[in-house]
2 protein chains.
Amino acid sequence: MQSPVPALSRSLTALSRILTKAQDFETAKKLKPEVIPNLRLIADMLPFWRQITICCDHAKGATARLSGTANPVFDDTETTLAELQARIEKTLAFMASVPAEAFAGAETRQITIKTRGTDLILSGETYYSSYALPNFYFHMSTAYNILRGNGLEIGKTDFLGG
Amino acid sequence: MQSPVPALSRSLTALSRILTKAQDFETAKKLKPEVIPNLRLIADMLPFWRQITICCDHAKGATARLSGTANPVFDDTETTLAELQARIEKTLAFMASVPAEAFAGAETRQITIKTRGTDLILSGETYYSSYALPNFYFHMSTAYNILRGNGLEIGKTDFLGG
(Lines give C-alpha, C1' and ligand atoms only; values in the text may rest on other atoms or scores of the structure.)
Protein backbone atom coordinates (compact mmCIF):
# COMPACT_ATOMS: atom_id res chain seq x y z
CA MET A 1 0.00 0.00 0.00
CA GLN A 2 0.93 3.66 -0.29
CA SER A 3 2.69 5.02 2.77
CA PRO A 4 0.11 6.56 5.13
CA VAL A 5 2.79 8.95 6.39
CA PRO A 6 2.24 11.90 4.00
CA ALA A 7 -1.52 12.20 4.69
CA LEU A 8 -1.24 11.61 8.44
CA SER A 9 1.72 14.00 8.74
CA ARG A 10 -0.18 16.67 6.89
CA SER A 11 -3.07 16.35 9.35
CA LEU A 12 -0.79 16.23 12.42
CA THR A 13 0.96 19.36 11.16
CA ALA A 14 -2.45 21.02 10.81
CA LEU A 15 -3.20 19.95 14.39
CA SER A 16 0.10 21.47 15.54
CA ARG A 17 -0.84 24.79 13.91
CA ILE A 18 -4.23 24.66 15.64
CA LEU A 19 -2.36 24.12 18.93
CA THR A 20 -0.28 27.21 18.18
CA LYS A 21 -3.53 29.18 17.84
CA ALA A 22 -4.64 27.69 21.16
CA GLN A 23 -1.35 28.83 22.72
CA ASP A 24 -1.95 32.37 21.41
CA PHE A 25 -5.49 32.22 22.82
CA GLU A 26 -4.16 31.06 26.19
CA THR A 27 -1.75 33.99 26.26
CA ALA A 28 -4.34 36.55 25.12
CA LYS A 29 -6.91 35.40 27.68
CA LYS A 30 -4.27 34.98 30.44
CA LEU A 31 -5.35 31.37 31.05
CA LYS A 32 -3.45 29.14 33.45
CA PRO A 33 -1.51 26.46 31.51
CA GLU A 34 -3.68 23.63 32.81
CA VAL A 35 -6.98 25.14 31.64
CA ILE A 36 -7.05 24.27 27.93
CA PRO A 37 -5.46 20.79 28.31
CA ASN A 38 -8.24 19.87 30.73
CA LEU A 39 -11.23 21.10 28.71
CA ARG A 40 -13.86 18.48 27.81
CA LEU A 41 -17.00 18.45 25.66
CA ILE A 42 -18.85 16.75 28.52
CA ALA A 43 -17.71 15.43 31.91
CA ASP A 44 -17.46 11.78 30.89
CA MET A 45 -15.46 12.32 27.71
CA LEU A 46 -11.65 12.48 27.72
CA PRO A 47 -10.03 15.89 28.14
CA PHE A 48 -8.33 17.85 25.38
CA TRP A 49 -4.83 16.65 26.20
CA ARG A 50 -5.85 12.99 25.87
CA GLN A 51 -7.56 13.67 22.53
CA ILE A 52 -4.17 14.89 21.29
CA THR A 53 -2.12 12.01 22.67
CA ILE A 54 -4.55 9.37 21.37
CA CYS A 55 -4.65 11.05 17.96
CA CYS A 56 -0.83 10.95 17.88
CA ASP A 57 -0.81 7.33 18.97
CA HIS A 58 -3.08 6.21 16.14
CA ALA A 59 -0.76 7.88 13.61
CA LYS A 60 2.29 6.34 15.29
CA GLY A 61 0.63 2.93 15.61
CA ALA A 62 -0.50 2.83 11.98
CA THR A 63 3.00 3.79 10.82
CA ALA A 64 4.67 1.17 13.01
CA ARG A 65 2.24 -1.69 12.50
CA LEU A 66 1.81 -1.32 8.75
CA SER A 67 5.56 -1.05 8.15
CA GLY A 68 6.61 -3.72 10.65
CA THR A 69 8.67 -1.16 12.57
CA ALA A 70 8.95 -1.27 16.38
CA ASN A 71 6.26 1.02 17.84
CA PRO A 72 7.95 3.52 20.17
CA VAL A 73 6.20 4.01 23.51
CA PHE A 74 5.49 7.62 24.43
CA ASP A 75 4.26 8.04 28.00
CA ASP A 76 1.15 10.16 28.55
CA THR A 77 2.61 12.79 30.85
CA GLU A 78 1.73 16.01 29.01
CA THR A 79 0.12 18.77 31.09
CA THR A 80 0.68 21.88 28.94
CA LEU A 81 0.13 22.92 25.35
CA ALA A 82 3.91 23.18 24.85
CA GLU A 83 4.29 19.56 25.94
CA LEU A 84 1.49 18.54 23.58
CA GLN A 85 3.31 20.31 20.75
CA ALA A 86 6.40 18.26 21.66
CA ARG A 87 4.31 15.07 21.55
CA ILE A 88 3.17 15.90 18.02
CA GLU A 89 6.77 16.74 17.02
CA LYS A 90 8.19 13.44 18.22
CA THR A 91 5.33 11.57 16.56
CA LEU A 92 6.07 13.35 13.27
CA ALA A 93 9.79 12.60 13.66
CA PHE A 94 9.14 8.89 14.15
CA MET A 95 6.80 8.81 11.15
CA ALA A 96 9.35 10.61 8.97
CA SER A 97 11.94 7.95 9.88
CA VAL A 98 9.94 5.17 8.19
CA PRO A 99 10.60 4.98 4.43
CA ALA A 100 7.69 4.63 1.98
CA GLU A 101 9.05 1.27 0.76
CA ALA A 102 8.46 -0.24 4.20
CA PHE A 103 4.71 -0.22 3.48
CA ALA A 104 4.96 -2.52 0.44
CA GLY A 105 2.50 -5.36 0.95
CA ALA A 106 1.10 -3.80 4.12
CA GLU A 107 -2.49 -4.23 2.91
CA THR A 108 -2.30 -7.96 3.59
CA ARG A 109 -0.12 -7.79 6.71
CA GLN A 110 -1.92 -9.32 9.70
CA ILE A 111 -2.59 -6.75 12.42
CA THR A 112 -3.78 -7.70 15.90
CA ILE A 113 -5.82 -5.19 17.87
CA LYS A 114 -6.01 -5.80 21.60
CA THR A 115 -9.50 -5.13 22.92
CA ARG A 116 -11.12 -5.65 26.30
CA GLY A 117 -12.66 -8.85 24.99
CA THR A 118 -11.10 -11.10 22.37
CA ASP A 119 -8.33 -9.73 20.17
CA LEU A 120 -9.26 -8.58 16.68
CA ILE A 121 -7.13 -9.84 13.79
CA LEU A 122 -7.43 -7.60 10.73
CA SER A 123 -5.70 -7.21 7.38
CA GLY A 124 -3.50 -4.12 7.12
CA GLU A 125 -6.01 -2.63 4.69
CA THR A 126 -8.99 -3.04 7.03
CA TYR A 127 -6.98 -2.04 10.11
CA TYR A 128 -5.96 1.20 8.45
CA SER A 129 -9.22 2.19 6.75
CA SER A 130 -11.68 1.05 9.41
CA TYR A 131 -9.74 1.42 12.67
CA ALA A 132 -6.62 3.61 12.63
CA LEU A 133 -7.92 6.34 10.30
CA PRO A 134 -11.41 6.73 11.81
CA ASN A 135 -9.85 6.80 15.29
CA PHE A 136 -7.18 9.31 14.25
CA TYR A 137 -9.72 11.72 12.75
CA PHE A 138 -12.21 11.18 15.56
CA HIS A 139 -9.69 12.40 18.16
CA MET A 140 -8.38 15.18 15.95
CA SER A 141 -11.96 16.39 15.30
CA THR A 142 -12.84 16.17 18.97
CA ALA A 143 -9.76 18.22 19.92
CA TYR A 144 -10.80 20.77 17.28
CA ASN A 145 -14.40 20.78 18.53
CA ILE A 146 -13.32 21.33 22.15
CA LEU A 147 -11.35 24.43 21.11
CA ARG A 148 -14.00 25.63 18.67
CA GLY A 149 -16.75 25.23 21.27
CA ASN A 150 -14.69 27.34 23.67
CA GLY A 151 -14.42 30.26 21.30
CA LEU A 152 -11.13 29.68 19.47
CA GLU A 153 -11.48 31.14 15.98
CA ILE A 154 -10.53 28.24 13.73
CA GLY A 155 -12.18 26.87 10.62
CA LYS A 156 -12.16 23.99 8.17
CA THR A 157 -9.04 25.35 6.46
CA ASP A 158 -7.15 24.94 9.75
CA PHE A 159 -8.43 21.39 10.06
CA LEU A 160 -7.48 20.36 6.53
CA GLY A 161 -4.08 22.07 6.62
CA GLY A 162 -1.89 21.99 3.56
CA MET B 1 -6.67 2.28 -5.96
CA GLN B 2 -8.82 0.13 -3.74
CA SER B 3 -12.49 1.06 -3.75
CA PRO B 4 -13.20 3.49 -0.89
CA VAL B 5 -16.77 2.18 -0.75
CA PRO B 6 -16.34 -0.61 1.86
CA ALA B 7 -14.68 1.62 4.48
CA LEU B 8 -16.96 4.61 3.89
CA SER B 9 -20.07 2.42 3.85
CA ARG B 10 -19.04 0.82 7.11
CA SER B 11 -18.73 4.25 8.73
CA LEU B 12 -21.99 5.56 7.21
CA THR B 13 -23.74 2.45 8.49
CA ALA B 14 -22.29 3.16 11.95
CA LEU B 15 -23.62 6.72 11.62
CA SER B 16 -27.05 5.37 10.71
CA ARG B 17 -27.06 3.20 13.85
CA ILE B 18 -26.06 6.24 15.93
CA LEU B 19 -29.01 8.09 14.37
CA THR B 20 -31.27 5.23 15.41
CA LYS B 21 -30.08 5.73 19.00
CA ALA B 22 -30.80 9.46 18.61
CA GLN B 23 -34.32 8.58 17.40
CA ASP B 24 -34.84 6.40 20.49
CA PHE B 25 -33.55 9.27 22.67
CA GLU B 26 -35.93 11.70 20.95
CA THR B 27 -38.84 9.38 21.69
CA ALA B 28 -37.81 8.70 25.30
CA LYS B 29 -37.33 12.41 26.07
CA LYS B 30 -40.48 13.40 24.10
CA LEU B 31 -38.47 15.90 22.02
CA LYS B 32 -40.05 17.74 19.10
CA PRO B 33 -38.68 16.43 15.79
CA GLU B 34 -36.81 19.65 14.99
CA VAL B 35 -34.83 19.72 18.25
CA ILE B 36 -32.01 17.25 17.58
CA PRO B 37 -31.51 18.20 13.90
CA ASN B 38 -30.94 21.80 14.98
CA LEU B 39 -28.46 21.18 17.82
CA ARG B 40 -25.05 22.84 17.45
CA LEU B 41 -21.79 22.72 19.42
CA ILE B 42 -21.68 26.53 19.31
CA ALA B 43 -23.86 29.16 17.61
CA ASP B 44 -21.58 29.72 14.61
CA MET B 45 -21.03 26.06 13.72
CA LEU B 46 -23.39 24.16 11.43
CA PRO B 47 -26.31 22.30 13.02
CA PHE B 48 -26.50 18.54 13.42
CA TRP B 49 -28.53 17.97 10.28
CA ARG B 50 -25.94 19.73 8.10
CA GLN B 51 -23.13 17.70 9.67
CA ILE B 52 -24.96 14.60 8.44
CA THR B 53 -25.68 15.85 4.93
CA ILE B 54 -22.10 17.12 4.42
CA CYS B 55 -20.70 13.85 5.74
CA CYS B 56 -22.88 11.96 3.25
CA ASP B 57 -21.84 14.29 0.43
CA HIS B 58 -18.13 13.68 0.98
CA ALA B 59 -18.73 9.91 0.77
CA LYS B 60 -20.86 10.36 -2.35
CA GLY B 61 -18.42 12.82 -3.90
CA ALA B 62 -15.39 10.61 -3.30
CA THR B 63 -17.21 7.62 -4.80
CA ALA B 64 -18.34 9.58 -7.86
CA ARG B 65 -15.17 11.53 -8.55
CA LEU B 66 -12.71 8.72 -8.02
CA SER B 67 -14.71 6.32 -10.19
CA GLY B 68 -15.63 8.84 -12.89
CA THR B 69 -19.33 8.26 -12.21
CA ALA B 70 -21.86 11.12 -12.42
CA ASN B 71 -22.28 12.61 -8.95
CA PRO B 72 -25.99 12.55 -8.06
CA VAL B 73 -27.31 15.78 -6.52
CA PHE B 74 -29.23 15.33 -3.27
CA ASP B 75 -30.96 18.50 -2.12
CA ASP B 76 -30.47 19.56 1.50
CA THR B 77 -34.08 19.53 2.62
CA GLU B 78 -33.96 17.22 5.64
CA THR B 79 -35.66 18.46 8.80
CA THR B 80 -36.12 15.26 10.82
CA LEU B 81 -34.02 12.33 11.94
CA ALA B 82 -36.09 10.01 9.73
CA GLU B 83 -35.25 12.16 6.70
CA LEU B 84 -31.58 12.12 7.66
CA GLN B 85 -31.73 8.34 7.83
CA ALA B 86 -33.16 8.37 4.31
CA ARG B 87 -30.28 10.61 3.17
CA ILE B 88 -27.78 8.10 4.49
CA GLU B 89 -29.69 5.25 2.85
CA LYS B 90 -29.71 6.83 -0.58
CA THR B 91 -26.03 7.71 -0.24
CA LEU B 92 -25.25 4.09 0.63
CA ALA B 93 -27.37 2.89 -2.31
CA PHE B 94 -25.48 5.11 -4.75
CA MET B 95 -22.13 3.97 -3.36
CA ALA B 96 -23.14 0.31 -3.62
CA SER B 97 -23.98 0.85 -7.29
CA VAL B 98 -20.36 1.64 -8.20
CA PRO B 99 -18.28 -1.51 -8.81
CA ALA B 100 -14.80 -1.83 -7.25
CA GLU B 101 -13.21 -2.05 -10.73
CA ALA B 102 -14.32 1.52 -11.48
CA PHE B 103 -11.62 2.78 -9.08
CA ALA B 104 -8.73 1.26 -11.04
CA GLY B 105 -6.18 4.01 -11.67
CA ALA B 106 -8.13 6.50 -9.53
CA GLU B 107 -5.01 7.49 -7.59
CA THR B 108 -3.74 9.45 -10.57
CA ARG B 109 -7.11 10.71 -11.81
CA GLN B 110 -7.19 14.53 -11.80
CA ILE B 111 -9.76 15.91 -9.37
CA THR B 112 -10.82 19.57 -9.30
CA ILE B 113 -12.05 21.04 -6.03
CA LYS B 114 -14.04 24.24 -6.34
CA THR B 115 -13.10 26.70 -3.59
CA ARG B 116 -14.02 30.31 -2.93
CA GLY B 117 -10.71 31.36 -4.47
CA THR B 118 -8.89 29.49 -7.22
CA ASP B 119 -9.82 25.89 -7.93
CA LEU B 120 -7.58 23.17 -6.49
CA ILE B 121 -6.43 20.43 -8.84
CA LEU B 122 -5.38 17.29 -6.96
CA SER B 123 -4.48 13.71 -7.80
CA GLY B 124 -7.14 11.17 -6.81
CA GLU B 125 -4.78 9.91 -4.10
CA THR B 126 -4.30 13.33 -2.50
CA TYR B 127 -7.94 14.32 -2.96
CA TYR B 128 -9.08 11.20 -1.13
CA SER B 129 -6.53 11.07 1.70
CA SER B 130 -6.19 14.80 2.40
CA TYR B 131 -9.60 16.20 1.49
CA ALA B 132 -12.50 13.76 1.20
CA LEU B 133 -11.57 11.47 4.10
CA PRO B 134 -10.63 14.17 6.65
CA ASN B 135 -13.81 16.06 5.75
CA PHE B 136 -15.96 12.92 5.97
CA TYR B 137 -14.66 12.01 9.43
CA PHE B 138 -14.70 15.61 10.63
CA HIS B 139 -18.45 15.89 9.99
CA MET B 140 -19.18 12.39 11.29
CA SER B 141 -17.21 13.14 14.48
CA THR B 142 -18.91 16.49 14.92
CA ALA B 143 -22.35 14.88 14.54
CA TYR B 144 -21.28 12.29 17.14
CA ASN B 145 -19.93 15.00 19.47
CA ILE B 146 -23.15 17.04 19.24
CA LEU B 147 -25.16 14.00 20.35
CA ARG B 148 -22.61 12.91 22.95
CA GLY B 149 -22.42 16.42 24.42
CA ASN B 150 -26.21 16.39 24.75
CA GLY B 151 -26.28 13.22 26.80
CA LEU B 152 -26.80 10.47 24.24
CA GLU B 153 -25.08 7.33 25.54
CA ILE B 154 -22.81 6.35 22.68
CA GLY B 155 -19.17 5.31 22.64
CA LYS B 156 -16.26 4.60 20.38
CA THR B 157 -17.67 1.22 19.41
CA ASP B 158 -20.71 2.99 17.95
CA PHE B 159 -18.42 5.31 16.02
CA LEU B 160 -16.25 2.56 14.57
CA GLY B 161 -19.18 0.25 13.74
CA GLY B 162 -18.53 -3.10 12.17
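With the Cα gyration tensor of segment A:6-62 giving a ≥ b ≥ c as the square roots of its eigenvalues, does the rule (a/c under 1.5 for rounded; else a/b larger than b/c for prolate; else oblate) give rounded, prolate or oblate? Don't skip to the end; give the middle numbers.
Numbers: a/c = 3.14, a/b = 1.38, b/c = 2.27.
Oblate, because a/c is 1.5 or more while a/b does not exceed b/c.
For chain A, what does the helix formula give at 222 nm: sum of -39500 (n - 2.57) over DSSP H segments with n ≥ 4, over the residue count, nearest 500 deg cm²/dmol?
The helix-only estimate for chain A comes to -17000 deg cm²/dmol at 222 nm.
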Practice problem: Would you kindly work out, in nm and rounded to one decimal, the distances from the label point of B:Pro72 to those of the same position in each other copy, ordered shortest first, with label points 7 Å along Cα-to-Cβ? | Solution: 4.8
Quiz item: Between their Cα atoms, which of A:Lys156/B:Lys90; A:Lys60/B:Lys90; A:Lys60/B:Lys156; A:Lys30/B:Lys29; A:Lys60/A:Lys156 are more than 30 Å away from each other?
Solution: A:Lys60/B:Lys90; A:Lys30/B:Lys29
Exercise. Treating the angle as unsigned and between 0 and 90°, give the value, to the nearest 10°, between the Cα long axis of helix A:48-67 and the longest Cα principal axis of chain A.
Key: 20
Exercise. Using only Cα atoms, find the angle between the long axis of helix B:133-149 and the longest principal axis of chain B, and express it within 0 to 90 degrees, rounded to the nearest 10.
Key: 0
Practice problem: Keeping all protein chains in place, calculate the accessible area per residue for segment A:1-68 (probe 1.4 angstrom), answer in Å². | Solution: 43
Quiz item: Between copies, how close do the B:Thr27 label points come, placed 7 Å along Cα→Cβ, listed in nm from shortest?
Solution: 5.4
Quiz item: Within segment B:34-113, which GluC sites (Glu not before Pro) sit in a loop by DSSP and count at most 13 neighbouring Cβ atoms inside 10 Å?
Solution: B:Glu34
Quiz item: Which whole number in µm²/s is D for the protein assembly as shown by Stokes-Einstein, with the Kirkwood Rh taken over Cα pairs at 10 °C and 1.306 mPa s?
Solution: 78
Quiz item: Given a 1.4 Å probe and no ligands, DNA or RNA in the count, how much accessible surface is buried by B and A, both sides, to the nearest 100 Å²?
Solution: 2500
Self-check item: Chain lengthening between A:Glu153 and A:Ile42 when straightened (0.36 nm per residue, less Cα-Cα)
Solution: 37.9 nm
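Quick check of the Kirkwood formula: for chain B, what is the inverse mean of 1/r over all pairs of different Cα atoms, in Å?
Result for chain B stands at 16.4 Å.
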Exercise. Please work out whether segment B:30-99 counts as rounded, prolate or oblate from its C-alpha gyration tensor, where a ≥ b ≥ c are the square roots of the eigenvalues and a/c under 1.5 means rounded, while otherwise a/b larger than b/c means prolate and anything else oblate?
Key: prolate
Exercise. With a point put 7 Å past each Cα toward its Cβ, work out how far A:Arg17 is from B:Asn71 in nm, to one decimal.
Key: 2.3
Quiz item: Angle, helix A:5-28 long axis vs. longest principal axis of chain A, Cα atoms, 0 to 90°, nearest 10?
Solution: 10
Quiz prompt | Which of A:Gln2, A:Leu31, A:Cys55, positive extreme of dipole for segment A:1-70 (C-beta unit charges) | solution = A:Leu31
Quiz item: Which of the trypsin sites (Lys or Arg not before Pro) across segment A:15-92 are loop residues per DSSP, with 16 or fewer other Cβ within 10 Å?
Solution: A:Lys29, A:Lys30, A:Arg40
Quiz item: Given label points at 7 Å from Cα along Cα→Cβ, what nm distances, shortest first, separate A:Gln2 from the same residue in every other copy?
Solution: 1.3
Quiz item: Going through segment A:108-151, which trypsin sites (Lys or Arg not before Pro) have at most 14 other Cβ atoms within 10 Å and a DSSP loop state?
Solution: A:Lys114, A:Arg116
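The values are calculated or read from the model by the stated rules, or taken from the named source; none is laboratory data. Quantities reported herein were computed from a predicted structural model and do not represent experimental measurements. In this analysis, Cβ positions are derived from the backbone assuming ideal geometry, glycine residues included, and neighbour counts consider all displayed protein chains. Accessible surface areas use protein heavy atoms only, side chains included; no ligands, DNA or RNA. Shrake-Rupley method; radii C 1.70, N 1.55, O 1.52, S 1.80 Å.
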